[in-house]
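Colleague: Quick one: the structure is below, questions incoming.
The values are calculated or read from the model by the stated rules, or taken from the named source; none is laboratory data. The structure displayed is predicted, hence computed values, not measured ones. No Cβ is skipped: glycine too gets one built from the backbone with ideal geometry, and neighbour counts run over all protein chains shown.
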Amino acid sequence: MRKTEMERFRRLLEDERDRVSRSLAKHSKIIQHEGDGSGPDLAKAHSNHMADQGTDEYQYEATIQFASTEGRYLYHIQEALERIENGSYGKCESCGGQIGLERLRALPYTRLCIECKEEEEKESV
Ligand SMILES: [Zn+2]
């Protein structure tokens, strides 16, 4: 992959990381309330005064759902940024082939080329 291309993905991933971090920080205040240790680590790092937030069960569940989805997403973004740092970005983790640029543009944090991804999905069903 060309260096300019790599830099573009880096900026894209960094923007996305910041956006997701901010939205997780917002939600982590609600999760902190429960304090049962089931929330993502990121949530625990933030505010710990929650007793005054009246949240009903449903909102809590929805928030946990959101935070775990976003938390996983954030993790993938961070991993992709690490791969940019160590130069392995854009390489398929399974077959070692080059991941298509079109695919990376659609899913900048992907670790697998489209062929391997399809294989994986076949196996997991
Ligand atoms: Zn592959």
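Colleague: Which numbered condition trips up L42, out of (1) closer than 27 Å to G87 by Cα; (2) at pLDDT 55 or above?
Modeller: L42 satisfies all of (1) closer than 27 Å to G87 by Cα; (2) at pLDDT 55 or above except (2).
Colleague: Under the condition of being closer than 12 Å to M1 by Cβ and not in a helix (DSSP H, G or I), which residue from the stretch 86-107 is farthest from the ligand (Cβ to nearest atom)?
Modeller: Filtering the stretch 86-107 for residues that are closer than 12 Å to M1 by Cβ and not in a helix (DSSP H, G or I), the one farthest from the ligand (Cβ to nearest atom) comes out as G87.
Colleague: Could I ask something else about it? Of everything in the stretch 108-125, what is part of a loop (DSSP other than H, G, I, E, B) and within 13 Å of the ligand (Cβ to nearest atom)? Give them in sequence order.
Modeller: The answer is T110, R111, L112, C113.
Colleague: If you scan the stretch 58-86, which residues turn out to be crowded, with 18+ Cβ neighbours inside 10 Å and at pLDDT below 90?
Modeller: Those that are crowded, with 18+ Cβ neighbours inside 10 Å and at pLDDT below 90: T63, I64, A67.
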